[in-house]
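Engineer: Before I ask anything, let me first share the structure, which is written out below as structure tokens.
The values are calculated or read from the model by the stated rules, or taken from the named source; none is laboratory data. The model shown is predicted, which means the values in this text are computed figures rather than measured ones. With ideal geometry, Cβ positions are generated from the backbone for all residues, glycine too; neighbour counts draw on all protein chains shown. For accessibility, only protein heavy atoms count, side chains too; no ligands or nucleic acids. Shrake-Rupley method; radii C 1.70, N 1.55, O 1.52, S 1.80 Å.
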Amino acid sequence: MAGRSGTAAGRALWRWAVVAVVGALLVGVPALLAARPGDAQADPQELRDRIAASAGVGWTGYAEARATLGLPRIAALADVTTLLSGVTRMRGWYAGPDRARTDVLSAVGERDRYVTPRGQAVWDYGAELLTIVARDPEVRLPRSEDLLPPDLARRLLAGTAPDDPATALPARRVAGVDAAGVRVTVADPETTVDALDVWADPATGLPVAVEVRARGVAEPMISTAFGDLEQGPPDPTALEPRRGPGAGVTRSPTSDLFGVLGRGDGSTLPAVLAGRERVPPERRFPALGQYGTTLGQLIAVPLPADFAGTLLGGIDRAGAGRTLTVDGQGSALETPLLSLAVVRSEDGARAWVLAGLVPPAALDSGAADLLAGGRQ
């Protein structure tokens, strides 16, 4: 059922949300694609349930996402800050959770990511390189496919509570679909998310447009919508990784920075952080800390001392960080939706990145717990 909290829900949420580690997405397709009135009607709770059960609905389409968080550029996280502070145009083919492809289109080229039952493959047209990826962790940095309406809707709704109110929204016509709308208002005071607005095909439950609203902000902080869509199984040949003649091939155990860091030592991660209990760590990634299972979840990852220094320096140079009052060193980047902090002990021997869809007080409490060794 949509909105059911628990370990699985938390992990599904943070496939996107550490997605949260640096910032949120204000995604918004051109208004004319998402604002045409429609006639569809659906019971809001039933629509919410259909959305949650829509992972088996295949589709082929084009979507646009716009991120306007205004995050400063930090060189060490340039891919993420760019993704969360600009327009992303995507083509997608989706047959199921383990059979999908997303092409990111830009003025300088194209980057394609394939998900297969064997793992992942990334084709970079500019570099003429195909990278075969063995495995990425569930907790990872955000990627373009996380901005597609179906993925974004299902992952965020998974972090809501079953009794969060679901109310009907006016229907919209999106990419040829007469879509019914539902708003889920988030009651949890431990998150910055105020409401999730989703428009979906009332027959299949496939989300076609999504808006995410933060507390105290009038306009939605996340909007994404299809501009073109065909439901049904995609062309199977489009899901097979390909490379150009003469292009290089390489292999990698993971394509994500958190995947690299998460394979390290997680002994500095406490059992409880900011009042949230730790979710059992994912196999092969013991240093990825998930605390809590709802939208108010916190993520903590140990950092090498030199990389922590690089991130702290980048935040300081950007001039947009808040200095944390801790027994050590800490700086935070905070948005109305997502927040990130880098914390380092006084002797420089221990350091972490801490992030979530949480208010500043949660970062302060989590940072203090990390530096104190955690409150059991």
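Residue by residue, here is whether (1) open to solvent by less than 10 Å² (accessible area, probe 1.4 Å); (2) over 24 Å from GLY259 (Cβ atoms); (3) polar (S, T, N, Q) holds:
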position	(1), (2), (3)
PHE307	no, no, no
GLY313	no, no, no
GLY319	no, yes, no
GLN329	no, yes, yes
VAL343	yes, no, no
ALA367	yes, no, no
ALA372	no, yes, no
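Engineer: Right, next: Identify all residues within the range 100-135 that are among the charged types (D, E, K, R) and either open to solvent by 20 Å² or more (accessible area, probe 1.4 Å) or in contact with a Leu (Cβ under 8 Å, 6 or more places away or on another chain) (or both); write none if there are none.
Structural biologist: Selection gives ARG101, GLU110, ARG111, ARG113, ARG118, ASP124, GLU128, ARG135.
Engineer: Then there is this: Being surrounded by fewer than 17 Cβ atoms within 10 Å (Cβ to Cβ) and within 24 Å of ALA53 (Cβ to Cβ) is the filter here, so list the residues in the range 70-99 that pass it.
Structural biologist: GLY96, PRO97, ASP98
Engineer: Please determine whether any residue of the range 102-120 is in a strand (DSSP E or B) and under 30 Å from ALA40 (Cα atoms).
Structural biologist: yes
Engineer: Pick from ARG155, ARG135, ARG91, ARG101: which is over 16 Å from the mean Cα position of the chain (by Cα) and closer than 29 Å to PRO286 by Cβ?
Structural biologist: Criteria check complete, one pass: ARG135.
Engineer: Just need a number here: residues in the range 148-184 that are open to solvent by 50 Å² or more (accessible area, probe 1.4 Å) and either in a loop (DSSP other than H, G, I, E, B) or without any contact (Cβ under 8 Å) to a residue 40 or more places away in the chain (or both).
Structural biologist: So the count comes out to 4.
Engineer: Would the range 257-265 turn up any residue that is more than 25 Å from ALA65 (Cβ to Cβ) and open to solvent by less than 20 Å² (accessible area, probe 1.4 Å)?
Structural biologist: yes
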